[in-house]
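Student: Okay, here's the structure, questions in a sec.
The values are calculated or read from the model by the stated rules, or taken from the named source; none is laboratory data. Here the structure is a predicted model, which means the values were calculated and not measured. All Cβ positions, even for glycine, are placed from backbone atoms using ideal geometry, and neighbour counts span all protein chains on display. To get the accessible areas, we keep the full protein, side chains included, count just its heavy atoms, and leave off ligands, DNA and RNA. Shrake-Rupley method; radii C 1.70, N 1.55, O 1.52, S 1.80 Å.
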Amino acid sequence: MKHRQDYFDFAKGISIILVVLFHSTIALDYYKLVSSKYWLLNNFMAPIRMPVFFFISGFLAKGALNSFDEGKFSNKVYNLIYIFAVWTTIHFSWKLLYPASPAPEMNDLISSAYSPSSVLWFIWALSIYFCVARTGHFFNKEAVFSLSLIFSLMICAEIFEFENYVHNNLLRFLPIFLFGAWYSEKLLTSPVFFNPASLAISLMAFIALFVITYRDNIPSAWSGVGILIGMILGVVVGLTTSAFLCRFTTISKLPTFIGRNTLSIYVAHSPIVGFLADIIALRSYNTAIIPLVGVPLVSITAIFMSFFLKNFLQRIGLWWLYKFPGKPMMPLK
């Protein structure tokens, strides 16, 4: 299990780096300070970025989901809700105080409970996924999983979509989480899965599918199938690559460390990225070098500052911003 935990942490580390790169690209693109190559990179990494996170989250949730102790499961959900509520409030307060940010309305804070629009939607979605996965104790798992696949395919194929992209993502990634929670054990214990040949084959299939799926003339229905298959291949590529690279200590040390501290980066990086992009935009005067180096520069700085912020807050006694401070709560009914 230790080896598995290592490559899980490595994969989570790479995934959170890709998330920060994505948001840095968005922030700098607002000022037209991004090379188009970064959008190509983001589009290529999209089937890996969040699917790997949700798959690993599903697998790691198995203990709470399968426990007969209702309190163990409930406290996982309550902790996610607590973190989401705390950091949504912090982000809202930052927007109120930061002059360069459009002033939000109080309704935005209230509506975030059911229709989040910030980058914190991942934590919000996890709390819902936990509850859906728990239904495996009461309903047929195959039926629930099949329904999740159908809804995901419909979203990917744009057969229907919600106004809020978060609601689309909620259905899009649900089967990835459920597979990790319900069916992943045999896959992750198979020596074939982590064979270098498996990595090479899955990577080639992933690249080929990316090229085909992103053609302009492909029908949306087939595009939806391609996107769903792409997420599955993205998980395989992400995990097999992580397992392979974890063999090299020099390469794996930093991503593994980051992967063990993803929460502190995830909750704090977005306002930091926005702040850094504003500073660069004010001082760059559209120099040619910024579109090339701005995204990695902002990303690295935001990750470092997120770590620093957590360390500082913990030192002054605000550790409870990252974990529910109270006693275990009553089980969910």
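Student: Any idea which residue in the range 123-157 is modelled with the lowest pLDDT, counting only those that are crowded, with 21+ Cβ neighbours inside 10 Å and of a type in the set (A, V, I, L, M, F, W, C)?
Tutor: Among residues in the range 123-157 that are crowded, with 21+ Cβ neighbours inside 10 Å and of a type in the set (A, V, I, L, M, F, W, C), the one modelled with the lowest pLDDT is Cys156.
Student: Could I ask something else about it? Tell me, please, whether a residue that is under 14 Å from the mean Cα position of the chain (by Cα) and open to solvent by 20 Å² or more (accessible area, probe 1.4 Å) can be found in the range 236-244.
Tutor: No, the range 236-244 has no match at all.
Student: Can you name every residue in the range 280-315 that is free of Cβ contacts under 8 Å to residues at least 40 places away in the same chain, more than 26 Å from the chain's Cα centre (by Cα) and part of a helix (DSSP H, G or I)?
Tutor: The answer is Leu282, Arg283, Arg315.
Student: Condition first: open to solvent by less than 100 Å² (accessible area, probe 1.4 Å) and either of a type in the set (A, V, I, L, M) or not in a helix (DSSP H, G or I) (or both). Now tell me which residues in the range 158-172 satisfy that.
Tutor: Hits for the range 158-172 are Phe160, Phe162, Asn164, Val166, Leu170, Leu171.
Student: Still on this model: Phe193 fails exactly one of the following numbered conditions: (1) open to solvent by 30 Å² or more (accessible area, probe 1.4 Å); (2) part of a loop (DSSP other than H, G, I, E, B); (3) under 17 Å from Ile232 (Cβ atoms). What is the number of that condition?
Tutor: Only one criterion is unmet by Phe193, namely (1).
Student: Answer with yes or no whether Pro296 is buried (at least 20 other Cβ atoms within 10 Å of the Cβ) and either within 16 Å of Ile17 (Cα to Cα) or among the acidic types (Asp, Glu) (or both).
Tutor: The answer is no for Pro296.
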